[in-house]
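The structure is given below, and queries will be raised subsequently.
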Amino acid sequence: MEYCPRLLVPVALIDRLGRFAIHLLAFFFMTVFIFALAIPYYHWTHKETQIGFVMMHSTTFCLANFGPNATTFLVTADIFPARLRSACHRISAASGKLGDIAGAFGFLYLAQNPDEAKACAGYPAGLLFTSLVPESKGKSLETMSREN
């Protein structure tokens, strides 16, 4: 029941803010909330602050659905040509799952690696690839597909 509002908000705002802006804003605020949970971690372990911990963690989860989860599906529906949309969407989703697996195992490897220089290698790459996605704010599907 609560899942629907988290996906309806980006649908309502997607043409006003743009996919790229929603994606980056959600990641930025997710980072802020994760740091707010991680830096004073022992503060959140007390019985009287557990509700605050749950609320902040829930907000982070809502932001994940607001930004990356919503834009992942909406961008792929917008940027691929209509005749190839379903096949490209499947390939894109499979590539995303492979990236999730690589990220999970890569994080496990980097978390155990004593060389901290290797630990931040994924962030610039993620920003680079996010910036390569075309913005479709205010454009029709016909304009984006460039078929006519």
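Within the stretch 62-76, which residues are surrounded by fewer than 18 Cβ atoms within 10 Å (Cβ to Cβ) and without any contact (Cβ under 8 Å) to a residue 24 or more places away in the chain?
Passing the criteria: only PHE73.
Then there is this: Every residue in the stretch 89-119 that is of a type in the set (A, V, I, L, M, F, W, C), surrounded by 10 or more Cβ atoms within 10 Å (Cβ to Cβ) and modelled with pLDDT under 65, please.
ALA119
Give the number of residues within the stretch 55-92 that are closer than 20 Å to LEU24 by Cα and hydrophobic (A, V, I, L, M, F, W, C).
Residues meeting the conditions: 12.
Okay, next question. Quick check on THR49: is it hydroxyl-bearing (Ser, Thr, Tyr) and either modelled with pLDDT under 85 or in contact with a Pro (Cβ under 7 Å, 6 or more places away or on another chain) (or both)?
Here the answer is no, as THR49 does not meet what is asked.
The values are calculated or read from the model by the stated rules, or taken from the named source; none is laboratory data. Predicted model, so just to flag it, every value in this text is computed and none were measured. Positions of Cβ are generated from backbone atoms using ideal geometry, with glycine treated the same way; all protein chains shown enter the neighbour counts.
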